[in-house]
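To start, the structure under review is shown below, and the notes come after it.
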Amino acid sequence: MTSLVMVVSCPTTRLLSSFLQRGTQQASKFQLHTGTPSAAKDYYEFLVLGGGSGGITMSSRIKRKVGAENIAIVEPSEKHFYQPLWTLVGAGAKKLSSCSRPTASVIPSGVEWIKSVVRELDPDDNCVCIDNGRKIAYKYLIIALGIKLEFEKVKGLPEGFSYPKIGSNYSVGTVEKTWKALQDFKEGNAIFTFPNTPVKCAGAPQKIMYLSDAYMKKTRKRANANIIFNTSLGAIFGVKKYADALEEIIKARNLHVNYRQNLIEVRPEKYEAVFEDLDNPGSTKVMSYEMLHVTPPMGPPEVVRDSPVADAAGWVDLDKETLQHKKYPNVFGIGDCTNLPTSKTAAAVAAQSGVLDCTISLVMKNKKPVSKYNGYTSCPLVTNYNKVILAEFDYSAQPLETFPFDQGKERLSMYLLKADMMPFLYWNGMLKGYWGGPGFLRKWLHLGRD
């Protein structure tokens with residue numbers, strides 16, 4: 001156990017990771033892909049919607065099955081972001097520039113990049129509609145369109161971000177505003193919110209609270225700060241083991257948590273936030289703030305919600321074990337846009353990618369999928385600038401820990417894993433289709449027990 005932690009936290013390993021990452025980043029500049037203007041087609045064996053973590057990962061895996069020339073990715077963005085690091089960007093521990101790379105550099109070489117927005121899904125005719133009314137047909141479809149941020153559902157946003165003292169770690173345009181608000185804080189209420197909707201990385205809204213507390217202590221402002229977490233949920237975390245650990249931290253650091261409180265309005269010119277008491281509909285409370293971190297409401301992308309592939313709530317309707325669509329057997333989904341009943345994280349996408357790879361291989365052979373996704377997800381709960389509680393759990397909200405020690409405790413080694421090793425694995429393993437989560441490592445470290 002000791003040697004393993006030393007490997008994770010060893011400065012030499014961190015330097016090697018950084019060196020290899022920079023080398024790979026330089027090499028990626030020479031990665032080749034086929035752009036739409038040069039070789040546009042109207043049919044692909046595999047069509048992947050979305051160039052985020054799930055879309056790129058599955059494209060890399062599928063390329064090894066059918067060849068790059070038979071795959072296309074539909075993605076409008078010029079940049080690809082590693083969003084799990086935005087928590088540290090908002091707290092001044094990482095630079096935003098370290099979290100992104102050109103989309104062209106992460107698309108598998110030879111795979112067609114269709115730089116467009118998906119406008120309509122037509123699974124009954126095995127085609128999708130993109131910009132300019134163009135239709136693209138497919139044999140197999142992988143939907144990886146992520147989740148939609150809905151700041152506009154809070155009155156006063158997103159225009160309120162043009163004012164000081166407010167930020168959000170959930171978007172590229174607002175994450176640095178969080179750091180500015182934290183630096184400028186002098187005294188008063190520092191409020192952190194959690195909306196009444198599904199969110200990606202459900203631990204992130206409170207991670208920035210713990211980091212803000214640590215920063216205020218370091219800058220000797222904590223005595224004049226009232227740190228408040230207003231959450232729409234009824235518990236601090238969905239897994240009891242980690243919730244118990246977090247509640248101890250909250251008590252020890254004199255943080256204030258108000259449950260079942262949902263942000264409905266921001267009055268940035270007055271530095272006021274309005275919350276609704278979800279247990280007493282219509283009852284509201286106005287709170288002043290000197291710093292406000294907003295976790296926005298979120299929902300499924302409209303193109304998914306308004307399509308035949310959606311369930312009643314608007315998410316891609318999948319078999320939770322095989323990740324195959326419940327109605328359309330040649331349609332698959334991965335990541336935040338799906339209705340899989342687990343936390344929406346990059347770690348979940350990694351685990352899902354391995355299962356989906358196996359599912360697709362069998363479906364292509366007209367066989368029944370046998371691999372089963374157990375809901376594995378991970379949330380590195382950053383509690384300080386050098387401490388993390390590494391929460392790992394499954395569909396049943398039971399811990400599914402990788403390391404042979406108690407991950408419910410704050411550890412420096414887990415912070416180094418979060419800040420340095422996980423980004424390295426993402427860029428150099430997961431996106432290239434070689435990292436499907438720590439399941440194999442867990443079995444090895446636990447002597448074969450999963």
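The values are calculated or read from the model by the stated rules, or taken from the named source; none is laboratory data. This structure is a prediction, so every number in the text was calculated from the model and none was measured. All Cβ positions, even for glycine, are placed from backbone atoms using ideal geometry, and neighbour counts span all protein chains on display. These accessible areas exclude ligands, DNA and RNA; they are computed on the full protein's heavy atoms, side chains included. Shrake-Rupley method; radii C 1.70, N 1.55, O 1.52, S 1.80 Å.
For residue 344, the residues whose modelled amide H falls within less than 5 Å of its own, excluding neighbours fewer than 5 places apart on the same chain, are 201, 202. Distance between the 7 Å Cα→Cβ label points at residue 125 and residue 183: 5.3 nm. Pairing the Cα long axis of helix 204-218 with the longest principal axis of the chain, what angle in degrees results, from 0 to 90 and rounded to the nearest 10? Helix 204-218 sits at roughly 40 degrees to that axis. For residue 391, the residues 5 or more places off, or on other chains, whose built amide H falls under 5 Å of its own are 379, 381. How far is the Cα center of the stretch 68-127 from the Cα center of the stretch 144-167, in Å? Measuring centre to centre over Cα atoms gives 21 Å.
Only protein atoms count toward the accessible area here, which uses a 1.4 Å probe; on the chain, the carbon and sulfur part of that area reaches 53 percent.
Run through the stretch 70-151 and list the trypsin sites (Lys or Arg not before Pro) located in a DSSP loop whose Cβ has at most 11 other Cβ atoms within 10 Å.
95
Computed from phi, the 3J(HN,Hα) profile of the stretch 106-123 under the Karplus parametrisation 6.51, -1.76, 1.60 (θ = phi - 60°) reads 9, 5, x, 4, x, 6, 6, 9, 9, 7, 7, 8, 7, 9, 7, 10, 10, x Hz, with x in place of Gly and Pro.
Using the structure shown, select from 218/270; 153/251; 95/418; 218/409 the pairs with a Cα to Cα distance greater than 25 angstrom. Intermediate results must be reported in sequence, preceding the final value.
On the way: 218/270 28 Å; 153/251 32 Å; 95/418 15 Å; 218/409 22 Å.
Distance filter (> 25 Å) returns 218/270; 153/251.
For the stretch 151-299, the extents of the C-alpha atoms along the principal axes are 37, 36, 29 Å, listed from largest to smallest. To the nearest ten degrees, helix 346-364 and the longest principal axis of the Cα atoms of the chain are 20 degrees apart. Averaged over its residues, the stretch 80-159 has an accessible area of 40 Å² per residue, based on protein heavy atoms and a 1.4 Å probe. Measure nothing fancy, just the Cα-based angle from helix 11-28's long axis to the longest principal axis of the chain, in degrees from 0 to 90, nearest 10. Helix 11-28 sits roughly 50 degrees off the main axis of the chain. Applying the Karplus relation 6.51 cos²θ - 1.76 cosθ + 1.60 with θ = phi - 60° to the stretch 275-290 yields 3J(HN,Hα) values of 10, 9, 7, 5, 8, 9, x, x, 7, 10, 9, 9, 10, 7, 9, 10 Hz, where x marks Gly and Pro. Couplings for the stretch 162-172, taken from phi via the Karplus curve 6.51 cos²θ - 1.76 cosθ + 1.60 with θ = phi - 60°, read 6, 8, x, 6, 9, x, 8, 7, 9, 9, 5 Hz in order; Gly and Pro are left as x.
Restricting the GluC sites (Glu not before Pro) of the stretch 230-301 to loop positions (DSSP other than H, G, I, E, B) with no more than 16 neighbouring Cβ atoms within 10 Å leaves 269. Both radii are taken from the alpha-carbon atoms of the chain; with Rh as the Kirkwood radius, Rg/Rh is 0.96.
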